1. Which whole-Hz couplings ³J(HN,Hα) result when phi for each residue of the stretch 22-35 is put into the Karplus expression 6.51 cos²θ - 1.76 cosθ + 1.60, θ = phi - 60°, listed in order with x for Gly and Pro?
2. Among SER158, SER20, what is the fewest-to-most ranking by other Cβ atoms within 10 Å?
3. Taking only the C-alpha atoms, wrap a convex hull around the stretch 62-356 and report its volume per residue in Å³ as a whole number.
4. Please rank SER230, SER397, SER384, fewest neighbouring Cβ atoms within 10 Å first, as an exposure proxy.
5. In debye, nearest 20: dipole of the stretch 188-342 around its Cα centre with unit charges on the Cβ of K, R (+) and D, E (-)?
6. Would you mind getting me the FRET efficiency between LEU124 and LEU342? Use the beta-carbon distance for r and R0 = 30 Å, nearest 0.05.
7. In the Gaussian network model of the chain, springs joining C-alpha atoms below 10 Å, which of ARG243, ARG313, ARG278 carries the largest mean-square fluctuation?
8. Per the Kirkwood formula on distinct C-alpha pairs, the Rh of the stretch 202-245 is how many angstrom?
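Bear in mind these aren't lab numbers, they're just calculated from the coordinates by the rules spelled out. None of the values given here were measured: they were computed from a predicted structure. Because the Cβ atoms are built from the backbone with ideal geometry, glycine has one as well, and the counts that use them run over all protein chains shown.
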Amino acid sequence: MGQQPASLTITNARIFDGFSAELTEGDVHIVDGVIVDPETTEHTGPPATMLDADGGTVVPGLIDAHCHAYGVGLDMVRIESNPLSYVALKAARRLNNALRRGFTTIRDVAGGDPGLARALDEGLVAAPRYFYTGPALSQTGGHGDPRPGDRDLCVGHSHMSEIVDGVDGVRRAVRERFRRGAHAIKIMTSGGVVSLTDPIRRPQYSPEEVRAITDEAARRGSYVAAHAYSPEAIEHSVSNGVRSIEHGNLLDEATAQLMADHDAFLVPTLAAYDALDRRGGALGLNPISQAKNREVLDSGKHAIELARSAGVRIGFGTDLMGDLEDDQLIGLRLQVDVLGVLDALRSATSVNAQLLGHDDLGRIGAGAAGDVVLFDGDPFTDASLLWTEKRRTVIRSGAVV
């Protein structure tokens with residue numbers, strides 16, 4: 001019952017391959033869900049479906065490298081208190097919505113499990129390709145600890161985060177995540193907006209704990225992504241083996257250079273702070289979290305500029321919780337404001353594919369997955385196409401969504 005690869009030919013298209021500033025004109029051929037070169041590929045199955053782009057632009061399927069399928073609300077205690085069956089059903093709906101916006105691949109960096117992944121693989125719901133970390137690791141009182149300081153609560157479901165302390169504890173937790181099919185490991189190494197008891201700038205986890213986590217991930221051929229805002233937390237993370245810095249809003253010039261020296265990625269999530277600033281109060285966001293959000297809101301774009309100047313590879317993520325999910329495409333507008341259309345599209349395609357370690361994603365070329373988005377115009381001359389949801393056709397494994 002799984003999602004069956006399909007064969008499709010898109011004709012009369014302008015093609016962005018995920019890398020080049022120069023668009024080419026021609027056709028995109030997808031056979032059995034994979035992009036092929038028709039000059040070297042013999043197709044013996046049924047004839048491909050034909051789709052006339054009529055001069056529109058084809059880009060690789062978009063990748064959101066910081067998404068939370070299980071982030072079904074803004075209150076972390078409520079999320080962790082819900083039955084997993086409810087959270088997973090909501091997650092499936094959220095993933096389907098992301099696919100329809102053009103995000104054909106999702107990296108879930110605080111949640112997911114083999115049950116949801118299996119349901120998606122079996123086609124029980126149309127969804128993006130799904131790379132999950134399982135619940136993020138948080139120290140007691142860290143960003144993933146949802147308990148208010150004045151309440152005695154036991155939050156044990158660990159849908160999005162798990163409180164784990166000590167070198168032995170985190171080693172065991174990392175091994176358990178890989179046993180359950182995790183793509184990578186997510187840790188919290190600074191305070192955050194929605195957690196209530198931790199200052200944003202202070203590094204979290206000891207160096208020994210972080211090194212234990214990154215050592216376990218490296219020996220599995222994987223990597224660690226760290227929630228980190230401040231220079232102190234970013235340095236703490238990167239120096240101890242973290243490969244992917246999530247958010248990074250308070251980045252400074254020296255720490256950007258350190259990231260470049262360690263070949264670490266930055267995954268900005270501008271959409272989250274913009275959405276929380278505009279809509280968080282109406283959705284019941286705690287006043288403490290609203291104040292924290294203001295602290296990092298304006299600095300996010302500057303962090304991207306510093307990272308680019310230092311030569312850091314910049315990905316793309318959104319980090320939208322609850323009803324804020326429908327701002328996902330606004331994240332592209334915000335990143336275009338800083339990087340321009342070309343580099344913003346590279347971030348959401350080929351750079352994110354490099355982060356995932358999958359050279360079959362984020363590009364258009366022979367051997368790549370048949371995931372593309374067809375715009376009815378040229379986003380390089382009309383950037384608003386990128387965040388106007390109705391002006392696109394989404395194709396996943398050669399099938400129109």
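1. Couplings: 9, 7, 10, 10, x, 10, 10, 10, 10, 10, 6, x, 10, 6 Hz.
2. By the 10 Å Cβ count, ascending, the order reads SER20, SER158.
3. So the per-residue Cα hull volume is 111 Å³.
4. On the way: SER230 23, SER397 20, SER384 11.
With the fewest neighbours first, SER230, SER397, SER384 line up as SER384, SER397, SER230.
5. In debye, rounded to 20, the stretch 188-342 gives about 80.
6. After rounding to 0.05, the efficiency reads 0.20.
7. ARG278
8. After inverting the mean inverse Cα-Cα distance, the result is 10.2 Å.
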